[in-house]
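One structure is given here, and the rest of the page talks about it.
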Protein chains: 2
Amino acid sequence: MTAAAAVGPGVQAPEGFSQWVNDATDRFQAVATEMLPSPDDVPQRLHQAMRYAVLGGGKHVRPLLVYAAGEVTAADCEALDRAALAVEYVHAYSLVHDDLPCMDNDILRRGQPTVHVAFDEATAMLAGDALQAEAFKVLADGALPASQTASLMRELAHAAGTEGMCGGQAIDLAAVGHTLALPELERMHRMKTGALLRAAVLMGALSGQAALLTESTREALAHYGDAIGLAFQVVDDVLDVEASTATLGKTAGKDAAQSKPTYVSVMGLEAARALSLRLRAQALDAIASLGPRATRLRDLADLIVCRNH
Amino acid sequence: MTAAAAVGPGVQAPEGFSQWVNDATDRFQAVATEMLPSPDDVPQRLHQAMRYAVLGGGKHVRPLLVYAAGEVTAADCEALDRAALAVEYVHAYSLVHDDLPCMDNDILRRGQPTVHVAFDEATAMLAGDALQAEAFKVLADGALPASQTASLMRELAHAAGTEGMCGGQAIDLAAVGHTLALPELERMHRMKTGALLRAAVLMGALSGQAALLTESTREALAHYGDAIGLAFQVVDDVLDVEASTATLGKTAGKDAAQSKPTYVSVMGLEAARALSLRLRAQALDAIASLGPRATRLRDLADLIVCRNH
């Protein structure tokens, strides 16, 4: 994917940003290729499934947020690499488990067979389990001072657990076939996808110079993360209705087919589109005071809201 | 379970140890009951499944190892509680996932329906996923200095990931129906069960006074953990052949029925029994120099090797 392609027809990507996205994506892909367990080491099949799950494309929104937030606190690239890997491993594991027959039973992801189709169900479950452990390992083995390492791991654990991703997933599971009011839908998405996107922003900033991460900067980034975390899901719901399976790389129209409550089903297509733009404005407002070191975060807010897949 | 019942007919539990086991087990059960997410909070079903998985009995060998190793470094009880919870959460999640239809497809665990039977498959998978995240969270939220917190999380992440539990599980999966030589069998078990038992010992010690955890003490504990970690599995294999389903609380004779390689199938029943006693001796040798502060670890080596379920 190129950044130019990812930004919708109404929005022009700013000069330099497309290149930054391509460079950051390439860097992440190279680092992940290097850091994931080797496909030739025992147990090979597990390692191959983990690599398939992480290296099989995707927009890498979370790593991009980590790298962009790291600019706010002048973080070292090597520290950001580890935070980016950790967040993407957790994201990848959640997709592998979501796609399993006992969950969404999906056979297509990013235009490719899902992990349990390409391998088998047991290997897919184990690969997800192992990726979650590896996420914490890659943080634990980094070179940052222990205080920062512990903060990073704390942020990730809270985002991944019952008050975050897994909790949101459980609410989603219970909601199939039911009507959700808007506040319940928002709560579910803030946990299911928002928490990890917010963690990506905070972990990028936590990887840098502690002196640059004042309490007010941290709060600004948390608000930014909350807003784009929710915006991401609203846009996903809109795209699920608007886009074709070919553009999305996954089965389009699936939410409606599964009677899953979405922003579009609860508030309508136009209102959902308008909400995504309000959330983008909130995200930009939150970091307005951070000046040029938050430029990439601003660009990413546009990329997230104005993408077409 | 009482400690007296757990120690086999040939071995007399030392005075005071049975009481220590009962006290530590009661303490752990009370702490877990308090610290696990409330069954009344959203998402209730997920929280209930997590509690069912952790609070549904079991021998609590890993928490006992944490508490016993904590005596070596004069650790505070509250710090040990968190290390014990973290290790037991990871153990519990692994059992929940192992029991799923795509893995062992087992319907009975500790004499009770497995989590996916009592709840459903999707909830069981999510409960396992959430327990792994909560394991890291309970460490991250503790009151120890960041250097100790980061070390604890590092130990757990390495024990849980591809070089530990998940890796061993993947090797086990690939071995069904195949013949394994003894070195391969040992490697599989050192990863699948040994790594987490070893981590329990080291995490107990890491929770205490850093000054008491010299390099030689750490090495002694690591050797102890390696030996009892393997002994635990050898004894499991022996019990799977010898004991009845009623005593085990899980389906007996399952390994043979599934053509899984075990110590008994590879080396025979008598040789496996003799190996477990040699490993006990190795464990005791490793911590011989630690004096009275390692008394509970010595008692636990006997409990692990001489148990009848």
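At-a-glance table
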{"quantity": "Boolean, A:T217 is modelled with pLDDT of 90 or more, surrounded by 14 or more Cβ atoms within 10 Å (Cβ to Cβ) and either within 26 Å of A:P101 (Cβ to Cβ) or not aliphatic (A, V, I, L, M) (or both)", "calculated": "yes"}
{"quantity": "Residue within segment A:127-139 that is part of a helix (DSSP H, G or I), surrounded by fewer than 24 Cβ atoms within 10 Å (Cβ to Cβ), touching a residue at least 12 places away in the same chain (Cβ under 8 Å) and of a type outside the set (A, V, I, L, M, F, W, C) present", "calculated": "no"}
{"quantity": "Residue pairs meeting the criteria (Cβ under 7 Å; at least 6 apart or on separate chains; first touching a residue at least 60 places away in the same chain (Cβ under 8 Å), in segment B:34-61; second of a type in the set (S, T, N, Q))", "calculated": "B:P37/A:T162; B:R45/B:T123; B:L46/A:T162; B:L46/B:T123; B:A49/B:T123"}
{"quantity": "Residues (part of a helix (DSSP H, G or I) and among the charged types (D, E, K, R)) located in segment A:42-63", "calculated": "A:R45, A:R51, A:R62"}
{"quantity": "Matching residues in segment B:89-100 - criterion: being touching a Lys or Arg at 6+ places or on another chain (Cβ under 8 Å), touching a residue at least 40 places away in the same chain (Cβ under 8 Å) and surrounded by fewer than 24 Cβ atoms within 10 Å (Cβ to Cβ)", "calculated": "B:L95"}
{"quantity": "Single condition A:H223 does not satisfy, out of (1) touching a Cys at 6+ places or on another chain (Cβ under 9 Å); (2) closer than 18 Å to A:Q282 by Cβ", "calculated": "(1)"}
{"quantity": "Members of segment A:113-136 that are within 19 Å of the chain's Cα centre (by Cα) and away from chain B (no Cβ under 13 Å)", "calculated": "A:T114"}
{"quantity": "Test: residue in segment A:206-215 that is under 24 Å from A:K260 (Cβ atoms), among the polar types (S, T, N, Q) and in contact (Cβ under 8 Å) with a residue 12 or more places away in the chain", "calculated": "no"}
{"quantity": "Test result for A:A170, under 20 Å from the mean Cα position of the chain (by Cα), free of Cβ contacts under 8 Å to residues at least 24 places away in the same chain and part of a helix (DSSP H, G or I)", "calculated": "yes"}
{"quantity": "Qualifying positions in segment B:142-167 - more than 7 Å from every other protein chain (Cβ to nearest Cβ) and not in a helix (DSSP H, G or I)", "calculated": "B:G142, B:A143, B:L144, B:P145, B:E163, B:G164"}
{"quantity": "Test: residue in segment B:88-97 that is under 20 Å from the mean Cα position of the chain (by Cα), in a helix (DSSP H, G or I) and at the interface with chain A (Cβ under 7 Å from one of its Cβ atoms)", "calculated": "yes"}
{"quantity": "Qualifying residues in segment B:169-194 (those that are within 11 Å of another protein chain (Cβ to nearest Cβ) and surrounded by 24 or more Cβ atoms within 10 Å (Cβ to Cβ)) - the one farthest from B:R293 (Cα to Cα)", "calculated": "B:A170"}
{"quantity": "Candidates A:L108, A:L100 - the one that is modelled with pLDDT of 95 or more and aliphatic (A, V, I, L, M)", "calculated": "A:L100"}
{"quantity": "Filter pass, A:M103 being within 7 Å of chain B (Cβ to nearest Cβ), over 21 Å from B:H158 (Cα atoms) and in contact (Cβ under 8 Å) with a residue 24 or more places away in the chain", "calculated": "yes"}
{"quantity": "Odd one out for A:V66 among (1) away from every other protein chain (no Cβ under 13 Å); (2) assigned to a loop (DSSP other than H, G, I, E, B); (3) modelled with pLDDT of 95 or more", "calculated": "(2)"}
{"quantity": "Residues satisfying the stated conditions in segment A:266-309, i.e. without any contact (Cβ under 8 Å) to a residue 12 or more places away in the chain and either surrounded by 18 or more Cβ atoms within 10 Å (Cβ to Cβ) or in a loop (DSSP other than H, G, I, E, B) (or both)", "calculated": "A:G268"}
{"quantity": "Residues being modelled with pLDDT of 95 or more and acidic (D, E) - total across segment A:160-185", "calculated": "1"}
{"quantity": "Condition met for B:F28 (more than 14 Å from chain A (Cβ to nearest Cβ), aromatic (F, W, Y), in contact with a helix residue (DSSP H, G or I) (Cβ under 7 Å, 6 or more places away or on another chain) and more than 21 Å from B:G194 (Cβ to Cβ))", "calculated": "yes"}
{"quantity": "Complete set of residues in segment B:183-225 that are in a helix (DSSP H, G or I) and small (G, A, S)", "calculated": "B:G194, B:A195, B:A199, B:A200, B:G204, B:A205, B:A210, B:A211, B:S216, B:A220, B:A222, B:G225"}
{"quantity": "Counted residues, segment A:15-41 - those being modelled with pLDDT of 95 or more and either within 17 Å of A:G128 (Cβ to Cβ) or not in a helix (DSSP H, G or I) (or both)", "calculated": "7"}
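The values are calculated or read from the model by the stated rules, or taken from the named source; none is laboratory data. Only a predicted model underlies this, so the values are computations on that prediction, with no experimental measurement involved. Neighbour counts run over all protein chains shown; Cβ positions are idealised from the backbone, glycine included.
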